[in-house]
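The values are calculated or read from the model by the stated rules, or taken from the named source; none is laboratory data. What you see is a predicted model; the values in this text were computed from it and never measured. A quick note on method: Cβ atoms are made from the backbone with ideal geometry, for glycine too, and the neighbour counts reach across all protein chains shown. Ligands, DNA and RNA are stripped out before the accessible areas are found, and what is left, the full protein with its side chains, is counted by its heavy atoms. Shrake-Rupley method; radii C 1.70, N 1.55, O 1.52, S 1.80 Å.
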Amino acid sequence: MKNYTKLKELVASIEADAEKFFNNGNSAAGTRVRKGLQEIKTLAQDIRNEVTAKKNDGKK
């Protein structure tokens, strides 16, 4: 659950940069958004692995 909380915080943290990029065309903000999205992707994969491991532990 700790990683899920981190994921929500990360999504919230890139919101301002996404707004700057899409509404104002700020390319530096776009770079920060892409970096944040890459971190989200990695964290989401970690969460998927945790869920799978927990699910499989329950079957033993």
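Each peptide among 46-55, 27-36 gets the average number of other Cβ atoms lying within 10 Å of its residues, and from highest to lowest they stand as 27-36, 46-55.
The percentage of C-alpha pairs in the chain whose separation is greater than 17 Å is 48%. Here the accessible area is traced with a 1.4 Å probe on the protein chains. For the chain, carbon and sulfur cover 55 percent of it.
Tell me, what is the per residue accessible area of the chain in Å², probe radius 1.4 Å?
Details: 4880 Å² over 60 residues.
Per residue, the chain has an accessible area of 81 Å².
Ranking Ala44, Leu7, Asn56 by how far each Cα lies toward the positive end of the dipole of the chain (charges on Cβ) leaves Asn56 at the top. Modelled label positions at Glu39 and Lys6, each set 7 Å beyond Cα in the direction of Cβ, lie 1.0 nm from each other. Angle of helix 2-24 to the longest C-alpha principal axis of the chain, folded into 0 to 90 degrees and rounded to 10: 20°. The count of lysine pairs in the chain with alpha-carbon distances below 15 Å, taking only pairs 8 or more places apart or on different chains, stands at 4.
Give me the dipole magnitude in Debye, nearest 20, for the chain about the Cα centre, with unit charges on the beta carbon: positive for Lys and Arg, negative for Asp and Glu.
Result for the chain is approximately 360 debye, rounded to the nearest 20.
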